[in-house]
Amino acid sequence: MPNGYWIARVEVTDPERYNAYARALPAHVERFGGRFLVMGGCFEAAEGEARPRNVVIEFNDYETARACWHSPEYAELARLREGAAAVDVLIVEGRAPEQVSSE
């Protein structure tokens, strides 16, 4: 079964408020078996628009990634970043290596 991912692009506008969210997020993600693969760091915007911070979180499957995002606990947690950052998030399904073809 393919993994699920949160892919977020973030521009923090109020670091103090956003940091409260950033400190609380890992514990919530871990309750759903999520693992942070990317948290900030250097990047190159090879094409299109970018935001200064990028985050990729991996889950065991797409449905778990969706369940984590749509949980009442996350809704409460997300309120911590309201007005503190501009955020774009995708929840995507990965592909198992055997599902990738060269066609």
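The values are calculated or read from the model by the stated rules, or taken from the named source; none is laboratory data. Keep in mind the model is a prediction, meaning the values are calculated, not measured. A quick note on method: Cβ atoms are made from the backbone with ideal geometry, for glycine too, and the neighbour counts reach across all protein chains shown. Accessible surface areas use protein heavy atoms only, side chains included; no ligands, DNA or RNA. Shrake-Rupley method; radii C 1.70, N 1.55, O 1.52, S 1.80 Å.
At-a-glance table
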read-out: Cut-off 18 Å (backbone N to label point 7 Å along Cα→Cβ of E82), residues of segment 1-29; value: 13-22, 24-25
read-out: Rel. contact order, % - alpha carbon contacts under 8 angstrom, at least six apart, segment 23-73; value: 42 percent
read-out: Percentage relative contact order, the chain, counting C-alpha pairs under 8 Å, at least six apart; value: 50 percent
read-out: Calculated FRET efficiency for the pair D14/A45, C-beta based, R₀ 30 Å, to 0.05; value: 0.80
read-out: Gaussian network model of the chain, springs between alpha carbon atoms under 10 Å - residue of A24, A46, A86 with greatest fluctuation; value: A46
read-out: Percent carbon-and-sulfur accessible area, the chain, ignoring ligands, DNA and RNA, probe 1.4 Å; value: 50 percent
read-out: Net charge of neighbours whose Cβ lies under 12 Å from the Cβ of A86, counting Lys and Arg as +1 and Asp and Glu as -1; value: -1
read-out: Residues of the chain: accessible area per residue with a 1.4 Å probe, Å²; value: 66 Å²
read-out: Net dipole in debye of the chain [+1 Lys, Arg Cβ; -1 Asp, Glu Cβ; about Cα centre; nearest 20]; value: 360 debye
read-out: Rounded to 10°, Cα long-axis angle of helix 15-31 versus longest principal axis of the chain; value: 40 degrees
read-out: Chymotrypsin sites (Phe, Trp or Tyr not before Pro) lying in DSSP loop within segment 16-54, provided at most 16 other Cβ fall within 10 Å; value: F43
read-out: Under 9 Å, Cβ to Cβ, from Y5 - net charge with Lys/Arg +1 and Asp/Glu -1; value: -2
read-out: Per-residue [θ]222 nm for the chain (sum of -39500 (n - 2.57) over DSSP H runs n ≥ 4, rounded to 500); value: -9500 deg cm²/dmol
